[in-house]
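Visitor: Would you mind keeping the following structure in view while I ask a few things?
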Amino acid sequence: MHLALSLADQNLSTAASIGIYNISLGLLQHLAHQPAVTRLTALVNPTIPAFADSTGRIDRVEHAAAIGSAAGRLYWDNWGVYRAARHIRPDWLLLPKGFASILRPSPVRLAVYLHDLISVIYARRYPGHTSRLRDAYYQAVYRQTLRHADLVFTNTEFTRREILDWTAQRRLRCPPIQIAGYGFPPPVPPRPKQDVIILLVRHTPHKRSDLAMPYVYRWQKTSGYTGRIICV
């Protein structure tokens, strides 16, 4: 089987989710070692680091337009990635970010990895923190993604049920959903453990830094923890 995997829309320096970036790179290496995958074409951009390929199955094809601007990203999601797939002609196209075109169906069989539904429930749960245009766009993206995908991967049973509920409420077709997890090998070697706690802090409300920081402070006082706490 010839598989094409799109990483061209991902850039570590501007990524909204480092987790999705790491999962995408992990998926690339994991799939290259699957016996059913005889050839894997990685659609990348110049910021994607060189990756080891002990299998000899991975072809690296660069497309830089997706990370140059917001317009370039919209072009890639809605036209460019399918144009690349039509040129390569793989058996399957995998979109590890899960965002398919809102304009047309994929020219080849399409698999997506949906990590969560935060983009389509944000406006309702956190009103005033996202624009109406952005919300409308993501609603269209998720509808078309689930309408045209032949297979959906996700991380947990919880997310699988959320996808099923969301599609059922809107009477949308839901393709088969496979739980793939997110425990792929990390892209860097493990390092020795240190007496450090890293607390990820963001202004976006769903990260709940307003709860995390007081919680960690109380835990530090009650536990007697004397190691370092780093807020990132």
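Visitor: Condition first: within 15 Å of LEU3 (Cβ to Cβ) and not in a loop (DSSP other than H, G, I, E, B). Now tell me which residues in segment 34-72 satisfy that.
Guide: ARG39, LEU40, THR41, ALA42, LEU43, VAL44, ILE58, ASP59, ARG60, VAL61
Visitor: Mind listing just one residue for me: the one in segment 154-211 that is among the polar types (S, T, N, Q) and over 19 Å from the mean Cα position of the chain (by Cα) and, of those, modelled with the lowest pLDDT?
Guide: If we take residues in segment 154-211 being among the polar types (S, T, N, Q) and over 19 Å from the mean Cα position of the chain (by Cα), then GLN194 is modelled with the lowest pLDDT.
Visitor: To continue, here is another question. Can you find, within segment 94-122, the residue that is most open to solvent (accessible area, probe 1.4 Å) among those that are among the hydroxyl-bearing types (Ser, Thr, Tyr), under 12 Å from ALA149 (Cα atoms) and touching a His at 6+ places or on another chain (Cβ under 9 Å)?
Guide: In this case the residue turns out to be SER106.
Visitor: In addition: Return yes when SER209 is among the small types (Gly, Ala, Ser) and either open to solvent by less than 50 Å² (accessible area, probe 1.4 Å) or under 21 Å from GLY19 (Cβ atoms) (or both) and no when it is not.
Guide: Taking the combined requirement at face value, the residue satisfies it.
Visitor: Give just the number: which of (1) surrounded by 13 or more Cβ atoms within 10 Å (Cβ to Cβ); (2) outside any helix (DSSP H, G or I) does VAL81 not satisfy?
Guide: (2)
Visitor: Turning to a different aspect of this structure: Within segment 18-32, track down each residue that is open to solvent by 60 Å² or more (accessible area, probe 1.4 Å) and under 12 Å from LEU3 (Cβ atoms).
Guide: Passing the criteria: only HIS30.
Visitor: Can you confirm whether LEU146 is part of a helix (DSSP H, G or I) and of a type in the set (A, V, I, L, M, F, W, C)?
Guide: When the stated conditions are applied, LEU146 passes them.
Visitor: For PRO107, indicate whether it is under 19 Å from HIS2 (Cα atoms) and of a type outside the set (Ser, Thr, Tyr).
Guide: yes
Visitor: Considering ASP150, ASP135, which residue is charged (D, E, K, R) and either open to solvent by 80 Å² or more (accessible area, probe 1.4 Å) or within 28 Å of PHE51 (Cβ to Cβ) (or both)?
Guide: Testing whether each residue is charged (D, E, K, R) and either open to solvent by 80 Å² or more (accessible area, probe 1.4 Å) or within 28 Å of PHE51 (Cβ to Cβ) (or both) leaves just ASP150.
Visitor: To continue, here is another question. Tell me which of these GLY128 doesn't satisfy, since it passes every other one: (1) of a type in the set (Gly, Ala, Ser); (2) open to solvent by 40 Å² or more (accessible area, probe 1.4 Å); (3) within 25 Å of TRP76 (Cβ to Cβ).
Guide: The one condition GLY128 does not meet is (3).
Visitor: When the residues of segment 167-221 are narrowed to those that are aromatic (Phe, Trp, Tyr) and assigned to a loop (DSSP other than H, G, I, E, B), which ends up farthest from HIS115 (Cα to Cα)?
Guide: PHE184
Visitor: Which residue, of ASP9, ASP91, is crowded, with 19+ Cβ neighbours inside 10 Å, at pLDDT 90 or above and either of a type in the set (Asp, Glu) or within 23 Å of PRO189 (Cβ to Cβ) (or both)?
Guide: ASP9
Visitor: Do you know which residues across segment 109-143 are within 26 Å of LEU27 (Cα to Cα) and not in a helix (DSSP H, G or I)?
Guide: ARG109, LEU110, ALA111, VAL112, TYR113, LEU114, HIS115, ASP116, LEU117
Visitor: Ok, one more. Taking ALA32, is it touching a strand residue (DSSP E or B) at 6+ places or on another chain (Cβ under 6 Å) and aliphatic (A, V, I, L, M)?
Guide: yes
Visitor: Can you go through ARG60, ARG109, ARG89, ARG39 and tell me which one is farther than 25 Å from TYR182 by Cα and of a type in the set (D, E, K, R)?
Guide: ARG89
Visitor: When you scan segment 41-65, how many residues do you find that are modelled with pLDDT under 90 and not hydroxyl-bearing (Ser, Thr, Tyr)?
Guide: Here the count works out to 8.
Visitor: If you don't mind, there's one more thing I want to ask. Of all residues in segment 42-75, which are closer than 20 Å to THR145 by Cα, open to solvent by 10 Å² or more (accessible area, probe 1.4 Å) and touching a residue at least 12 places away in the same chain (Cβ under 8 Å)?
Guide: ARG73
The values are calculated or read from the model by the stated rules, or taken from the named source; none is laboratory data. Bear in mind that the values here come from a model prediction, so they are computed numbers and not experimental data. In this analysis, Cβ positions are derived from the backbone assuming ideal geometry, glycine residues included, and neighbour counts consider all displayed protein chains. The accessibility values were calculated without ligands, DNA or RNA, using every heavy atom of the protein model including side chains. Shrake-Rupley method; radii C 1.70, N 1.55, O 1.52, S 1.80 Å.
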